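What follows is a single structure, written as structure tokens, with notes after it.
Each reported figure results from applying straightforward, stated rules to the coordinates on display, with no laboratory input. Treat the numbers as computed from the prediction; the structure is a model and nothing was measured. All Cβ positions, even for glycine, are placed from backbone atoms using ideal geometry, and neighbour counts span all protein chains on display.
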Amino acid sequence: MRASAYPLVDADEAAALVLENTPVLGVERVALAHCVGRVLAEDLVSPASLPAFPSSAVDGYAVRAADAGKPLRVLGESAAGRPFAGTIEPGTAARILTGGVLPDGADCVVMVEDVRFDGEAVIPPAPLRPGANFHRPGADLREGERVAAAGTQMGAAELGLAAALGFPRLPVHRRPRVALMSTGDELVEVGEKPGRGKIVDSNRWALLAALREAGAEVRGLGIAPDEPEALRRLVVEALREVDVLVTSGGVSVGTHDLVKPLLESLGTVHIGRVKLKPGKPFTFATVSADLPANAPLPNPLPGGEKERLRLAFGLPGFPVSSLVTFEVFVRPALRKMQGFSSLQRPTLPVRLAYDATASADRTEYQRVTLRRDGAELVAETTGSQSSSRLMSLAGAHALVRVPPGDHGIKTGSMVDAMILSLP
Ligand code: AMP
Ligand code: MG
């Protein structure tokens, strides 16, 4: 073992440094079917009013309010998609169905349940209110109104609105292409029986899930050995085709930890150690298009110069460390690349139901489950917070940030927790 040459960077400073070096990816016009979960690159502005015509809210009769209580002659019908062509003059009405156009001359709709019949005539109740039981043009959305701001993720309602307004394609940011690689001679593929001293590569699966949830397009690159040349070939090859490289393992200061020197030789290592628990060896580098001569140039990706910068995240090998550093550093960066207006997980105040001990010099992210107690959320520890114990994250609802120092946070205190899911 040797001492690390990299200074210990404050966790917040490291997170800010990652984002400063993260580009927003370019824009593509994408068919609605593929817009689910994508992020709008421009404000979506309504080119028309919705509804476009006065549209009946009920089944009944289109009448003039002034004809309240009078027997009316029924001239015809206005069904959804099949408007009535005539005009409602005094003393007349038209049958109307939900979604039908309110005929000219009519100023309200009477529900079928509320009318009486006298032979052929229909008699609406009295009094009647002009404007009743139909949606005026523009009542749902006015022409020129902003439907969704740039930076909004396209969900069900946003997609429905885009379709209703007649947009078959939308401008959205490109998804980040991410190469994912595990490093370590101890690793075997899932399904293989690990020999003595070997373990199954589980980080790749955990990180695959985390990356997909964060909106990335993932290329799995398997397991790289702790061998400098083989690792170099794999990493350079990966950087040709992706925006981001995520590795796990190989970033601590043991002699087999090759990721940092490799990234150093390919680009700039901005962060080599962080005051973070778990996740101290977290490494972040950028690799520009100007790779050294002995490394082949990556193909330019679509987009501007800044976009050609590749990001490389060297996550620590311990399973919890890799996922916590993913949460703190990688996920916000992937969201920035996609143009999200909010980069961070939401936070909520929670009441601690355990004594959170602090690390002397590192910000700690402790995993908790939440339960509701009246209006409050109460946080319980998930047990041993060892960086190898993935069970500390399984089922965790939130991360509680414990600042470094001697004090920790006492049972009963209120803290803001980073919410992963709610109970
Ligand atoms: P390293 O950061 O390479 O020193 O790895 C630290 C420890 O993390 C290793 O000793 C393994 O126990 C564990 N580890 C590393 N890579 C993986 C992986 N892909 N899946 C599961 N555990 C891993
Ligand atoms: Mg290793």
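Couple of notes before you dig in:
- Shown here are the Rg and Dmax of the Cα trace of the stretch 1-117, at 29.9, 98 Å.
- Ranked 369, 87, criterion: other C-beta atoms within 10 Å, fewest first: 87, 369
- The stretch 149-190: C-alpha gyration tensor shape, a/c 1.5 cut-off, then a/b vs b/c: prolate
- Computed lengthening from residue 136 to residue 268, 0.36 nm per intervening residue step minus Cα-Cα distance: 41.5 nm
- Between the beta carbons of residue 192 and residue 380, assuming R0 = 30 Å, the FRET efficiency works out to 0.25 to the nearest 0.05.
- Theoretical ellipticity at 222 nm over the chain - DSSP helices of four or more residues, -39500 (n - 2.57) apiece, nearest 500: -4500 deg cm²/dmol
- Secondary structure note: in the chain, about 65% of the DSSP beta bridges are antiparallel.
- Across q = 0.11, 0.13, 0.20, 0.25 Å⁻¹, the stretch 195-273 modelled as identical point scatterers on its alpha-carbon atoms has Debye log10 I(q)/I(0) values of -0.32, -0.45, -1.06, -1.44, in the order of the q list.
- Hydrodynamic radius by Kirkwood, which averages 1/r over all alpha carbon pairs of the stretch 98-145, in angstrom: 12.8 Å
- Cα-based convex hull, the chain, per residue volume (Å³, whole number): 196 Å³
- The stretch 199-233 residues near the modelled residue 4 label - backbone nitrogen below 14 Å, point 7 Å along Cα→Cβ: none
- Of all aspartates and glutamates in the structure, those lying under 20 Å Cα to Cα from residue 198, and not within fewer than 8 positions of it along the same chain, are 185, 186, 189, 226, 227, 257.
- Loop-located trypsin sites (Lys or Arg not before Pro) in the stretch 192-298, at most 12 other Cβ atoms within 10 Å (DSSP): 196
- Tensor-based shape of the stretch 363-423 (alpha-carbon gyration tensor, a/c under 1.5 rounded, otherwise prolate or oblate): oblate
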